[in-house]
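Enquirer: Provided herewith is a single structure, encoded as structure tokens, for subsequent inquiry.
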Amino acid sequence: MAPFQLAYVDTIEKMNERYHMFLLNKSRQSTWSETHLRLFAWRGFRKYSGKQCKIIAGTRAATTKKLMQRLKNCFRNIPETLEANDDSMYLELKNGTSYEGLPANPEAATGDTQIKAFLLDESTKWNLVDDQPVMNSIMPIVRTNHADLFAISTPKGPRGWFYQTDMNQETTDWFKMKYSIWITEGYLYTHDEILQMINDPTVDGAQEFLNQYTTGRDSIFGTQFNKSDFEAEVF
């Protein structure tokens with residue numbers, strides 16, 4: 001893991017004493033999904049030992065399957081710790097910790113009482129007209145179990161529960177973070193590579209790499225961005 005990933009995990013460990021709901025407004029192509037999968041795998045032997053962890057990565061099963069496969073890869077060098085690993089949407093450790101991939105629908109997590117953590121990946125990109133019912137089904141479990149909730153996503157326009165939560169300045173129960181593509185400079189990409197990515201006229205650089213909730217206007221008009229325009233932020 002790169003230093004910025006380790007620093008993020010360290011922040012989560014420290015802030016988890018006070019918060020159990022985390023929202024990350026992230027740049028695409030910055031390995032944040034992988035970071036959270038490794039955090040979940042590590043905590044499977046610690047904080048989440050013997051408990052259930054749920055992963056929601058989209059409305060299509062194929063999307064969640066890919067994320068679950070990447071989680072399973074975290075255990076490839078320690079197969080002796082695994083109890084069940086045949087189901088593409090399920091993984092269980094011998095200590096009783098389980099990981100299950102779920103679709104983004106209101107009934108996905110109902111009925112489970114031992115859930116200790118949720119990972120909601122690309123939360124703005126669920127293919128739903130109204131994504132609030134999904135959160136309405138998750139939040140009672142999170143609050144009752146005092147479960148950890150990690151909601152991470154690249155923005156996708158000013159809509160949806162992720163956007164509303166991120167923009168709500170009055171909420172005090174979420175710990176919010178924001179990292180642009182610049183956090184990866186010198187680790188994943190060079191300075192020039194990042195400039196090429198955010199100024200690519202075929203994508204909305206402000207939204208995909210600089211954490212803004214736009215509607216694609218900047219990609220159409222070709223606005224140019226520099227590092228000084230946007231810096232990584234942690235709130």
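Enquirer: Report, by chain and number, residues whose modeled amide H sits under 5 Å from the one on GLN212, excluding near sequence neighbours (fewer than 5 apart, same chain).
Expert: GLN207
Enquirer: Turning to a different aspect of this structure: Using the Karplus equation 6.51 cos²θ - 1.76 cosθ + 1.60 (θ = phi - 60°), what ³J(HN,Hα) coupling, rounded to whole Hz, does each residue of segment 206-215 give in order, writing x for Gly and Pro?
Expert: Once θ is set to phi - 60°, the couplings for segment 206-215 become 5, 7, 6, 10, 10, 6, 8, 8, 10, 10 Hz.
Enquirer: Now for a separate question. Sequence-distant or interchain residues sharing an amide H contact under 5 Å with TYR90, placed H: which?
Expert: Amide H neighbours of TYR90, under 5 Å, 5+ apart: GLY101.
Enquirer: Under 16 Å Cα-Cα from LYS125, which aspartates and glutamates qualify once same-chain neighbours fewer than 8 residues away are excluded?
Expert: Reachable aspartates and glutamates: ASP166, ASP204, GLU208.
Enquirer: Between ALA2 and GLN169, 0.36 nm times their residue separation minus their Cα-Cα distance comes to what?
Expert: Difference between extended and current length: 57.1 nm.
Enquirer: Under the Karplus relation 6.51 cos²θ - 1.76 cosθ + 1.60, θ = phi - 60°, what is the ordered set of whole-Hz ³J(HN,Hα) values for segment 163-169, x standing for Gly and Pro?
Expert: Per residue, the Karplus-derived 3J(HN,Hα) values read 4, 4, 5, 5, 7, 6, 7 Hz.
Enquirer: Length gain on complete extension for the stretch MET89 to VAL203, per 0.36 nm per residue less the alpha carbon to alpha carbon distance?
Expert: Values: separation 114, 0.36 × 114 = 41.04 nm, distance 3.18 nm.
Computed gain between MET89 and VAL203 is 37.9 nm.
Enquirer: Using all C-alpha to C-alpha distances in segment 3-161, build P(r) with 10 Å bins and read off the rounded percent in each one.
Expert: Whole-percent P(r) values from 0 Å outward: 10, 42, 39, 9, 0.
Enquirer: Zone of PHE45 (label point 7 Å along Cα→Cβ, backbone N under 13 Å): which residues in segment 69-87?
Expert: Residues passing the 13 Å test: 74-82.
Enquirer: Is there a quick way to get the dipole size of the chain? I mean about its Cα centre, with the Cβ of Lys and Arg at +1 and of Asp and Glu at -1; what is the value in debye to the nearest 20?
Expert: Rounded to the nearest 20 debye, it is 480 debye.
Enquirer: Can you give me the long-range amide H partners of ASP131? Hydrogens built in the peptide plane at 1.01 Å from N, cutoff under 5 Å, separation of 5 or more residues or another chain.
Expert: Placed amide hydrogens put TRP161 under 5 Å from ASP131.
Enquirer: I'd like the distance between the alpha-carbon centres of segment 138-214 and segment 66-88, rounded to an integer number of Å.
Expert: A separation of 27 Å, based on Cα centres.
Enquirer: Next question. Which distance in nm do the two modelled labels at MET139 and THR11 give, with both placed 7 Å along the Cα-to-Cβ direction?
Expert: With each label point 7 Å from Cα toward Cβ, the separation is 2.4 nm.
Enquirer: Can you say what percent of the DSSP beta bridges in the chain, counting only those with both residues inside, are antiparallel? Round to 5. Write down the numbers at each step before the final one.
Expert: Details: 7 of 33 bridges.
Just about 20 percent of them are antiparallel.
Enquirer: Then there is this: Could you give each residue of segment 76-83 its phi-based ³J(HN,Hα) in whole Hz, using Karplus coefficients 6.51, -1.76, 1.60 with θ = phi - 60°, and x for Gly or Pro?
Expert: Karplus-based 3J(HN,Hα) across segment 76-83 equals 5, 8, 9, x, 5, 8, 8, 9 Hz.
Enquirer: Check the straight Cα-Cα distances from LYS72 and name the aspartates and glutamates below 15 Å, setting aside those fewer than 8 residues away within the same chain.
Expert: Straight-line reach from LYS72, under 15 Å: GLU34, GLU80, GLU83, ASP86, ASP87, GLU92, GLU100.
Enquirer: Compute the acute angle (0 to 90°) between the alpha-carbon long axis of helix 3-15 and the principal axis of greatest extent of the alpha-carbon atoms of the chain; round to the nearest 10°.
Expert: Once rounded, the angle reads 60 degrees.
Only the coordinates and a few stated rules stand behind these numbers; no lab work does. This one's a predicted model, so the numbers in the text were calculated from it and none came from an experiment. Cβ: placed from backbone, ideal geometry, glycine included. Neighbour counts: every protein chain shown.
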